[in-house]
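Engineer: This is the structure I have questions about; it appears just below.
No lab work stands behind these numbers, since they all come straight from the coordinates. Please read these numbers as outputs of a predicted model, since none were measured by experiment. Please note: Cβ atoms are built from the backbone with ideal geometry, for glycine as well, and neighbour counts cover all protein chains shown.
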Amino acid sequence: MMKMKRIYLILAVVSATLLLTACPHITPPGPDDPDTPVTPDDSWRNQASKTKLSGITYQVNVYSFADSDGDGWGDIRGITQHLDYLDSIGATALWLSPIHEAMSYHGYNVNDYYSVSSNLGTEDDLKDLISQAKARNIDIYLDFVLNHSGKDNAWFKQAIADPSSKYGSYYIFEDKPGESVTGGMGGWNSTSSGSIGYKGLLHFKLDVSNPSQPQLTITQASGNAQSGNTDTSVKWFIYENNAIRMYKTGNNIFEITLSINNDWGVLVKDDPTQWGDHKWGARANDKLVEFGKPKTLVKGDAANDLIFGGTSAQYWASFDASMPDLYFGPYAKASDSETFKDLASAADKWINMGVAGLRLDAVIWIYQNNTAANVAFLKQWYDRCNSTWKSHGGKGDFYMVGEAWCDNAEKMAPYYEGLPSNFNFYYWYTLKDRIGKGKGDDFATTVIYFQNQFRKYRTDFIDAIKLSNHDEDRAANDLGRDIAKEKLAAAVLLTSPGKPYVYQGEELGYWGNKGKGDEYVRAPIKWTRGGSVASAALSGKVDNNMLTADISVEAQEQNAASVLRVYRDFAKARNGWKALAQGQIEAVSSPNSAVAMWKMSHEGQTVLVVHNFGSGAPVLPLSSYKTDKLIVSNGAVTVSNGAVALGAYASAVFLQ
């Protein structure tokens, strides 16, 4: 019996030791007297910084974050009221969605770059946010749209009204496409004023004696309209709302009388269904029809609609017609353009107010996926903003991050010649792929590969790492709405090298996909179990099955197992330990294919990072590393005699 009691006592002591190493704040019983408390040596924690080091940026959809005045719209004052919450998840900066007057709720079709949208607040509200955020060591970044403005922008309206004014040079019209629209995406759109279509009976006479330069004569007619010709040997058609075959009336002469009723004009075609070089129309500077006067036609991309009144210019838009692309002229001298100067003047206003950084939207489309042109432009833009920042007394360099959303990291890397920071979409693509496969052993080497690509172009690059954002399906969706995987993704993000971005609601485990609209990935924060949310801007496109009491901030703050708790714990660790926040990554060979391991070192401090990407529970022989100082963990982590046992999707960080 005495022997059995001794075995039980040894097991109790071993169990207590495991508990101590896995949960350093727990005080185990003493080895000699189970009833005598022993205080563990926590003095090593004094190495942790008391100031925020993390570089964590929180992405705020201003319109749906928090409503301060009860009108249903999120606003700037709502952000200010929740700065303590943002501080609690470690934020050192906030990226605000566009705050300017715009055509839509999201703000990316800007009407006035010098203004604050009345839906979101006032300039005084922004100044107050900047001031109160600064008191918490939080910077404010603005989303700035350089690729395009809104169609209702006064610049665009004046460009249409008076193309010879300086504003006529702000946009890409058909008379100056140049390098701005080659090799990219988007299309031409009509800017019509007055009635450019026609309603009534017209006679069309087409002379194709010179087949490369056919001539069309249109006259007003009386009587009855003709039906289309059924002779399929005739290849010439008038296209109004469909293709109508003409009649051959002489050698190389084709005619027809039609009732026209549309608001855009007509075209000629030599095939009823094909377009491209089968479309014939007017030259860009000769579109207006003069009745009875022959007009020489051109084909293909050069062919424009034949119009009957008003004016019609074609402008380029990379995304949709509400967002006309801005024009900066030859890229080598873009900073000399009036467009650049006007936008830079607007940026100066916000920088001088205290804004510490800009996020630049859609930068690869400024010169239509021409990397060299875009990079040259961005360098000029950054240098101008950085100069403003320094002249106003800003410390260090101005921060700027680009949305250079390319096919792969290799294509994005050159953008570091123009900007100090770019979003690393490939980080998230890799992470969700590896979590899905339960494979972690090559994650660190892949991250290092990305960084080596960036380093070729800028040695002091700032790798902007992220999970999802406002243009993507939520990370939780990509992870199958598996909370354990969501917590793992959070832990990996906040222990990786670079500048981590946390998207609004990600810290609460929000899910959503874009299938029914972008609004479903831009959901409002639910602050209390029973309170309202800032949903007015989203026009009711809110998933109320997600925004329940249990997912609220109030509920998660009271739940030790919540997603929010993981974000707070790992953000606190990142803020406190310089190696974790600012360290250089070194890959560590993993003894298990599911486990990702790496070291982070900075100024003499080193940490070991361990993540289990799988659903198993591996035991890792880590006797060659220090495992007695556990900085932070998530999930089941047990340490014994140099071995670390990890539960499914568990994470741990050890001080070395």
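Engineer: Note down the magnitude of the dipole of the chain about its Cα centre, charges +1 on Lys and Arg C-beta and -1 on Asp and Glu C-beta and zero elsewhere, to the nearest 20 debye.
Structural biologist: Value, rounded to 20: 1220 debye.
Engineer: Write down the percent of antiparallel bridges among all DSSP beta bridges whose residues are both part of the chain, to the nearest 5.
Structural biologist: So the antiparallel bridges in the chain amount to around 70 percent.
Engineer: In debye to the nearest 20, how big a dipole does region 148-280 give about its Cα centre with +1 on each Lys and Arg Cβ and -1 on each Asp and Glu Cβ?
Structural biologist: In debye, rounded to 20, region 148-280 gives about 160.
Engineer: Rounded to the nearest 10 degrees, what's the angle between the helix 123-134 long axis and the longest principal axis of the chain, both from Cα atoms, 0 to 90?
Structural biologist: 30 degrees
Engineer: Sort Lys487, Lys516 by Cβ crowding within 10 Å, fewest neighbours at the top.
Structural biologist: Ascending Cβ contact count within 10 Å gives the list Lys516, Lys487.
Engineer: What ranking do His602, His106 get, fewest neighbouring Cβ atoms within 10 angstrom at the top?
Structural biologist: His602, His106
Engineer: Starting at the first residue of region 66-74, write each ³J(HN,Hα) from the Karplus equation 6.51 cos²θ - 1.76 cosθ + 1.60 with θ = phi - 60°, in whole Hz, x for Gly and Pro.
Structural biologist: 7, 9, 8, 10, x, 8, x, 8, x
Engineer: With unit charges on the beta carbons (Lys and Arg positive, Asp and Glu negative) and the dipole taken about the Cα centre of the chain, which residue among Trp316, Ala347, Met546 sits farthest to the positive side?
Structural biologist: The listed residue farthest towards the positive side: Met546.
Engineer: Net charge within 14 Å of Leu126 by Cβ-Cβ distance, Lys/Arg positive one each and Asp/Glu negative one each, not counting Leu126 itself?
Structural biologist: Here the charged neighbours net out to -4.
Engineer: Also, I was wondering about something else. Determine by what factor the alpha-carbon radius of gyration of region 578-656 differs from 2.2 N^0.38 Å, reporting the quotient. Walk me through the intermediate numbers first.
Structural biologist: Values: Rg = 11.7 Å, N = 79, 2.2 N^0.38 = 11.6 Å.
For region 578-656, the normalised Cα radius of gyration is 1.01.
Engineer: If one takes the longest principal axis of the Cα atoms in the chain, at what angle in degrees, from 0 to 90 and to the nearest 10, does the Cα axis of helix 483-493 lie?
Structural biologist: Tilt relative to the chain: about 90 degrees.
Engineer: Looking at the square roots a ≥ b ≥ c of the eigenvalues of the Cα gyration tensor of region 195-309, which shape do they give, rounded for a/c under 1.5, prolate if a/b is larger than b/c, or oblate? Kindly include the intermediate steps, with their values, before the conclusion.
Structural biologist: On the way: a/c = 1.32, a/b = 1.02, b/c = 1.29.
In terms of gyration-tensor shape, rounded.
Engineer: Give me a comma-separated list of calculated 3J(HN,Hα) values for region 215-232, in order, Karplus coefficients 6.51, -1.76, 1.60 applied at θ = phi - 60°, integers in Hz, x for any Gly or Pro.
Structural biologist: Once θ is set to phi - 60°, the couplings for region 215-232 become 10, 10, 10, 10, 10, 6, 10, 10, x, 10, 6, 9, 7, x, 5, 9, 7, 6 Hz.
Engineer: Tell me, Glu507, Glu338 in order of fewest to most beta-carbon neighbours within 10 Å?
Structural biologist: Glu338, Glu507
Engineer: Further, regarding this structure: State the answer as a single residue: which of Asn452, Asn370, Val110 lies farthest towards the positive end of the charge dipole of the chain, with beta carbon charges of +1 for Lys and Arg and -1 for Asp and Glu, about the Cα centre.
Structural biologist: Asn452
Engineer: Which Cα, out of Ser590, Gly635, Ala573, lies furthest along the positive dipole direction of region 562-656 (beta carbon charges, K/R +1, D/E -1)?
Structural biologist: Ala573
Engineer: Taking H as built 1.01 Å from N, whose amide H comes closer than 5 Å to the amide H of Thr606, not counting residues under 5 places away?
Structural biologist: Gln656
Engineer: Related question: Of the peptides 557-563, 98-104, how do they stack up when ordered by the mean number of other Cβ atoms within 10 Å, highest first?
Structural biologist: Output ranking for 557-563, 98-104: 98-104, 557-563.
Engineer: Please give the helix 338-353 orientation as an angle from the longest Cα principal axis of the chain, in degrees from 0 to 90, rounded to the nearest 10.
Structural biologist: Once rounded, the angle reads 30 degrees.
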